[in-house]
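Report on one structure; see the data block that follows.
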Amino acid sequence: GTVSDWCMVTITSITAYYLYKTLKSQQEVQNTQNELYKIERIRFVESIKPKLNYTASTDIMKPSEDDKKILSIEVTNETDSVALNISRILSESNPSKQVFIPRGYSDIRDHLVKGDNPLLFYFLIGAKMSSILFTIEYQDVAGTKYKQGVFCHCDRYGIEIHPFLPEVVGNHK
């Protein structure tokens, strides 16, 4: 063709090249924004996630049977984030050893904030040595549900309590 046809092909080729580079750059920016969103979402979820702390004692209550003890588990919240809908009946892998001893308002309360009176859970165990494994379920203010396993071993040397890392069960949306 003519010179004008070749100029048109050249300009179209240059335009296509720069359009390709612009779209590639926009794709990189979009990927970066997606990664930043994921990081911010994790940061937000962790900022509202309650962290429960567990302590145990056998001195709070004494059963009438000499060969038994009542293991009292105190649950507190270490963060300013509210733990909601805390399960009062703790699931266990073995037959239930949980006992219910009414002691006031905290028996019906299902939420926990830093500074609140602890929630109390009781288990009937053997006097010499006993281990229990239970799971507590709760959720944060965004509706994310968590479950956390806790292993507790009690013998003549004392009480060891080992909470597992909480795992996300699902989101309420």
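Find out how many positive minus negative residues lie around residue 60, taking Lys and Arg as positive, Asp and Glu as negative, among other residues whose Cβ is under 12 Å from that of residue 60. Mind dumping the intermediate values first?
On the way: positive: 62, 69, 103; negative: 59, 74.
Every neighbour counted, the sum reads +1.
Pick from 64, 87, 130 the residue whose mean-square fluctuation is largest in a GNM of the chain, springs joining Cα atoms under 10 Å.
64
Of all the accessible heavy-atom surface of the chain, with the other protein chains kept in place and a 1.4 Å probe, what percent is carbon and sulfur?
On the way: 6740 of 11630 Å².
Percent of accessible area from carbon and sulfur atoms in the chain: 58.
Pick from 82, 99, 29: which is most flexible by mean-square fluctuation in a GNM of the chain where alpha carbon atoms under 10 Å apart are linked?
Maximum fluctuation in the GNM of the chain, among the listed residues, is at 29.
With a 10 Å radius around each residue's Cβ, average the other Cβ atoms per peptide and rank 154-165, 35-46, highest first. Don't skip to the end; give the middle numbers.
Working: 154-165: 12.3, 35-46: 10.4.
Averaged packing, sorted descending, gives the order 154-165, 35-46.
Would you compute the Debye intensity of segment 14-71 from its alpha-carbon atoms alone, equal scatterers and no solvent, and pass along log10 I(q)/I(0) at q = 0.22, 0.23, 0.27 Å⁻¹ to two decimals?
Here the Debye-derived log intensity ratios amount to -0.90, -0.92, -1.02.
Calculate, for segment 1-62, the solvent-accessible area per residue in square angstrom, rolling a 1.4 angstrom probe over the heavy atoms of the protein chains.
85
Per-residue HN-Hα couplings for segment 38-52, Karplus 6.51 cos²θ - 1.76 cosθ + 1.60 at θ = phi - 60°, whole Hz, x for Gly and Pro?
4, 5, 5, 5, 4, 4, 5, 4, 5, 6, 9, 7, x, 10, 8
Stick to Cα atoms and the Kirkwood definition of Rh, then tell me Rg/Rh for the chain. All intermediate terms of the calculation are to be shown ahead of the outcome.
Numbers: Rg = 28.8 Å, Rh = 20.2 Å.
Answer for the chain: 1.43.
Given the Cα-Cα distance of residue 99 and residue 18 and 0.36 nm per residue of separation, how much length would full extension add, in nm? Show your work: numbers first, answer last.
Values: separation 81, 0.36 × 81 = 29.16 nm, distance 7.28 nm.
Full extension of this stretch gives 21.9 nm more.
Solvent-accessible area per residue for segment 123-173 at a 1.4 Å probe radius, Å²?
Details: 2970 Å² over 51 residues.
Value returned for segment 123-173: 58 Å² of accessible area per residue.
Note down the nm distance, to one decimal, between modelled labels 7 Å out along Cα→Cβ at residue 108 and at residue 169.
Inter-label distance under the simple model: 2.3 nm.
What percent do you get for the relative contact order of segment 12-160 when only Cα pairs under 8 Å and 6+ apart count?
Numbers: 236 pairs, mean separation 32.6, N = 149.
Averaging sequence separation for qualifying contacts and normalising by length gives 22 percent for segment 12-160.
Taking amide H positions as placed in the peptide plane 1.01 Å from N, state which residues far from residue 99 in sequence (5 or more) or on other chains have amide H under 5 Å from it.
Here the answer is 122, 123, 124, since their amide H atoms fall under 5 Å of that of residue 99.
The values are calculated or read from the model by the stated rules, or taken from the named source; none is laboratory data. A quick note: this is a predicted structure, and the numbers were derived from the prediction, not measured. A quick note on method: Cβ atoms are made from the backbone with ideal geometry, for glycine too, and the neighbour counts reach across all protein chains shown. Note: accessible area is taken over every heavy atom of the protein model, side chains too, but ligands, DNA and RNA are not part of it. Shrake-Rupley method; radii C 1.70, N 1.55, O 1.52, S 1.80 Å.
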